[in-house]
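Only one structure is covered here, and it is reproduced in the block below.
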Amino acid sequence: MTYTDLVLSNITYSYEQENILENIKIKNPLSGIIQIKGENGIVKPTLINIIIGLLKPDHGEVNFGIIKDEIGYATQEPLLLGGLTIN
């Protein structure tokens, strides 16, 4: 598979009238793995959730050259979705 760029254009997101992300712009060549590092807080998870489609930004757009089925997201703590079972 050939990967293209991850492009975030003017991403803005607010929660309860507080700006979490404001005019975020990123252009990064995809090489298969992207790492987002920084201090603990709400900004990284919010940005990641927007990239993978769990949140919709108030403004801006996310473009990348792979299909969403090819995105993996590893959290620091186990994340289980309620109502799911293993057979």
* What number of residues within segment 1-40 satisfy the criterion of being of a type in the set (S, T, N, Q), at pLDDT below 90 and part of a strand (DSSP E or B)? -> 1
* To do: Hey, can you tell me all the residues within segment 41-59 that are in contact with a strand residue (DSSP E or B) (Cβ under 9 Å, 6 or more places away or on another chain), touching a residue at least 24 places away in the same chain (Cβ under 8 Å) and either more than 20 Å from THR75 (Cα to Cα) or not in a loop (DSSP other than H, G, I, E, B) (or both)?
  => THR46, LEU47, ILE50, ILE51, PRO57, ASP58, HIS59
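The values are calculated or read from the model by the stated rules, or taken from the named source; none is laboratory data. Keep in mind that this is a model prediction, so the values were computed, not measured. Cβ atoms come from the backbone with ideal geometry, glycine included; neighbour counts cover every protein chain shown.
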